[in-house]
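**Student:** Would you mind keeping the following structure in view while I ask a few things?
The values are calculated or read from the model by the stated rules, or taken from the named source; none is laboratory data. No experiment lies behind these values; they were computed from the predicted model shown. Counting neighbours? That spans all protein chains shown, and the Cβs are built from the backbone with ideal geometry, glycine included.
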Amino acid sequence: MRPPRPDRAARPTSLRRSFVTPEGVDLRLELGTAGARVTAFLIDAVAIIALLVAATIVLLLLFFSAHASGLAIIWLLGCFVLRNGWFTLFEMGGRGATPGKRIMGLRVVARDGARLTGGAVIARNAMREIELFLPLTFLGQRSLEGQADAALTLFSLGWSGIFLFFPLLNRDRLRVGDLLAGTWVVRTATERLESDLAQPEVPARRVFSEAALGLYGEFELQTLETVLRSGSDAAVATVAATIRRKADLPDDGDDRGFLTEYYAALCVRLERGLLIGKRRPDKFIANAPR
């Protein structure tokens, strides 16, 4: 057995969790720290604010003579759609992460090991409105009207504070939205892939049939990548044996080489499908609109 990699060994075990994929492989993912999650949120918030400032300037130029109340309604609606659409649409993507999370090396996953669903993403982000934006927006509006007394200020800040510090009060660093949606925010593996994956121009030694490659979709491709990045020989052997059994392929004794080349071939097949408008989110869906 190979000795553990220094960078992985140095990480706190208290943040590692069992993450069993549908293939029965435990990837042992690492939860994102509170600091990394806050930083990711601030990066996204800065990007959203920058877009709002640009949109406000455009609205002022286009509707300068319009009634102020009508302009304010348009701005508030745009703000609501932008801040909710930003988190929801990015996390529904293949990477499961907003730009802020990608910069900080984080992504959202389903705690049961299945594919992250749109319903879970919507649920976790809708709760952010109740946790943070709704009370603070109400407080800001009342303050502008000069009607924000001490009691309302304390209540709004206290409400947001409870939800803000909730991840520090549970071992899985869960927001209330994560708790309801069944999600985790985890670190993205940073280890380098094998040379065959890093340099796709190297010719593969194995040729896979369409039937063998048709077993899996995008979600399984991401799982294969995580297995290869993890460096775990046991996980590689388990996944390789599962694919060989399902595809009726012989065992040549080189599990990592087999899985690396299968990953590269599956990646090419799925990308080729996207070029002609065919997308396969996971193994249970044959084709989905792009």
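**Student:** Please indicate, with yes or no, whether at least one residue in segment 198-207 is part of a helix (DSSP H, G or I) and modelled with pLDDT under 80. If you could, list the steps in order and put the result at the bottom.
**Tutor:** First pass over segment 198-207, keeping only residues part of a helix (DSSP H, G or I): 198.
Imposing the further condition that a residue be modelled with pLDDT under 80 reduces the set to 198.
Yes, that holds for at least one residue.
**Student:** Please name all residue pairs, on different chains or six or more residues apart, with Cβ atoms under 9 Å, provided the first residue is in segment 231-256 and is over 19 Å from residue 205 (Cβ atoms) and the second residue is at pLDDT 85 or above and of a type in the set (Lys, Arg).
**Tutor:** Once the first residue is over 19 Å from residue 205 (Cβ atoms) and sits in segment 231-256, its partners that are at pLDDT 85 or above and of a type in the set (Lys, Arg) give 233/256.
**Student:** Out of 83, 95, report the one residue that is in a helix (DSSP H, G or I) and at pLDDT below 90. Before you say what the answer is, go through the steps one by one.
**Tutor:** On the way: 95 fails: in a helix (DSSP H, G or I).
Exactly one residue qualifies, and that residue is 83.
Conditions tested, residue by residue: (1) modelled with pLDDT under 60; (2) within 25 Å of residue 118 (Cβ to Cβ); (3) within 25 Å of the chain's Cα centre (by Cα).
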| residue | (1), (2), (3) |
| --- | --- |
| 235 | no, no, yes |
| 241 | no, no, no |
| 249 | no, no, no |
| 262 | no, no, yes |
| 267 | no, yes, yes |
| 287 | yes, yes, yes |
| 290 | yes, yes, yes |
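**Student:** So for segment 141-159 (the condition being modelled with pLDDT of 80 or more and acidic (Asp, Glu)), does at least one residue qualify?
**Tutor:** Within segment 141-159, none of the residues are modelled with pLDDT of 80 or more and acidic (Asp, Glu).
**Student:** Here's another thing I want to ask about it. Out of 100, 119, 105, I need the residue that is surrounded by fewer than 15 Cβ atoms within 10 Å (Cβ to Cβ), closer than 18 Å to residue 185 by Cβ and within 32 Å of the chain's Cα centre (by Cα). Which one? Break it down into steps so the answer makes sense when it comes.
**Tutor:** On the way: 100 fails: surrounded by fewer than 15 Cβ atoms within 10 Å (Cβ to Cβ); 105 fails: surrounded by fewer than 15 Cβ atoms within 10 Å (Cβ to Cβ).
Of 100, 119, 105, the one residue that is surrounded by fewer than 15 Cβ atoms within 10 Å (Cβ to Cβ), closer than 18 Å to residue 185 by Cβ and within 32 Å of the chain's Cα centre (by Cα) is 119.
**Student:** Do the conditions hold for residue 88, that is, is it touching a helix residue (DSSP H, G or I) at 6+ places or on another chain (Cβ under 6 Å) and modelled with pLDDT under 80?
**Tutor:** Details: touching a helix residue (DSSP H, G or I) at 6+ places or on another chain (Cβ under 6 Å): yes; modelled with pLDDT under 80: no.
Against the criterion (touching a helix residue (DSSP H, G or I) at 6+ places or on another chain (Cβ under 6 Å) and modelled with pLDDT under 80), residue 88 does not qualify.
**Student:** Something else: Among the residues in segment 41-64, are any at pLDDT 60 or above, surrounded by 13 or more Cβ atoms within 10 Å (Cβ to Cβ) and not in a helix (DSSP H, G or I)?
**Tutor:** Scanning segment 41-64 turns up at least one residue that is at pLDDT 60 or above, surrounded by 13 or more Cβ atoms within 10 Å (Cβ to Cβ) and not in a helix (DSSP H, G or I).
**Student:** Filter segment 204-225 down to the residues that are in contact with a Gly (Cβ under 8 Å, 6 or more places away or on another chain), of a type outside the set (S, T, N, Q) and in contact (Cβ under 8 Å) with a residue 60 or more places away in the chain and list them by number.
**Tutor:** 218
**Student:** I've got another one for you. Mind checking which residues of segment 226-236 are crowded, with 16+ Cβ neighbours inside 10 Å and in a helix (DSSP H, G or I)?
**Tutor:** Scanning segment 226-236 gives 226, 227, 228, 229, 230, 235, 236.
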